[in-house]
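Before anything else, here's the structure in question.
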Amino acid sequence: MNIEYPRNILQGATDIGNQMAPQELILMPIRFFVHYLDYLVFITVKTNRKIKTPVEGGIMAKLLWKPSEEQIKKSNMYRFMNVINDKYHQNFSEFGGLYEWSIENIADFWETMWEFADIIASKPYDQVIDDVTKMPGARWFSGARLNFAQNLLRFRDEKVALVFKGEGQQSTRMTYAELYDEVARVARGLKAAGVQSGDRVVGFMPNMPATIVAMLAATSLGAAWSSCSPDFGIKGVLDRFGQIKPKVLFTANGYFFKGKKIDSLERIADILKKLPSIEKVVVAPLHRTQCGYQCSPQCRPLQRFPIFRTQPRDRI
């Protein structure tokens, strides 16, 4: 099952999920691919006097962990630093020097970051940044068009993409291949429900794999995604979702807090009364014992997408 990413022909704005979006949002997929953990590892160990680590800045009383030199040299940050060294004839060996260079050579740094991250774009950018002195408000990567989900779903192998550990639950894992297949199933369901580029899809869900799958599925179609934690009050949910008039709402049937299961569906019924734009509600079970279906013991949460039941709103 393949995902067909739409190509929006509109010009004049950066395309995140094939929708019109502020130029600054282009940095989101780039920063994702930098691997933030590598950044933390590197800045903790390699620094100069200008850039203080959390330990030096007094945030932490002592260094909790120090990677080996071998681990540092295997990090993406170290690899990226060497790309900068080779391309621009530099000799950086510490994070501090690279950082200083990055803020003095903004366009060169981010152009190299785009290449290093291997960003997939249906249309390349015309200019990295229009005005380096305008922060905030600068326009990044003008003219580029890309789909956020397409970049995040580029891998389809058996390496682990997600590890989920819910309160009181066994941890579960999802490979990149499984993630892609699940996103494709959900995207197909959303497309059948009439979701298209420019529509809004929202989630009232806890941190769980189904939330990530729903976001990627919506984005793959060019729809905009917004979400709220289920511990939001109804007013907070309406303040956020009411502004964008969503077409489809994803929710879990509940969540856990301090060992207690909290039901979400009662609040969903109240929310729907105030959001007439919602045409469909998709219910994701928190785990297999709550789904209301007879599942085999081998079933893992997101291998059973048909359990995400698209229902007419008047049935909730």
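Can you give me the distance in nm between label points at ALA192 and ALA269, each placed 7 Å from the Cα along the Cα-to-Cβ direction?
Spacing of the two 7 Å Cα→Cβ label points: 2.7 nm.
For the range 99-236, what does the relative contact order come out to in percent, with C-alpha contacts under 8 Å and a separation of six or more?
The value is 17 percent.
Also, I was wondering about something else. What is the calculated FRET efficiency for ASP126 to ASN2, with r their C-beta to C-beta distance and R₀ = 25 Å, to the nearest 0.05?
For ASP126 and ASN2, the calculated efficiency is 0.25.
Follow-up question, since we're still on this one. Neighbouring Cβ atoms within 10 Å as the yardstick, rank TYR180, TYR99 fewest first.
Fewest-to-most Cβ neighbours within 10 Å comes out as TYR99, TYR180.
Express in nm, to one decimal, how much length is gained between LYS73 and GLN90 on full extension, taking 0.36 nm for each residue of separation and deducting their alpha carbon distance.
Extending this stretch completely gives an extra 4.4 nm.
Bear in mind these aren't lab numbers, they're just calculated from the coordinates by the rules spelled out. All figures in this text were calculated on a predicted structure; none of them were measured in a lab. Reconstructed Cβ throughout: ideal geometry from the backbone, glycine too, with neighbour counts over all protein chains shown.
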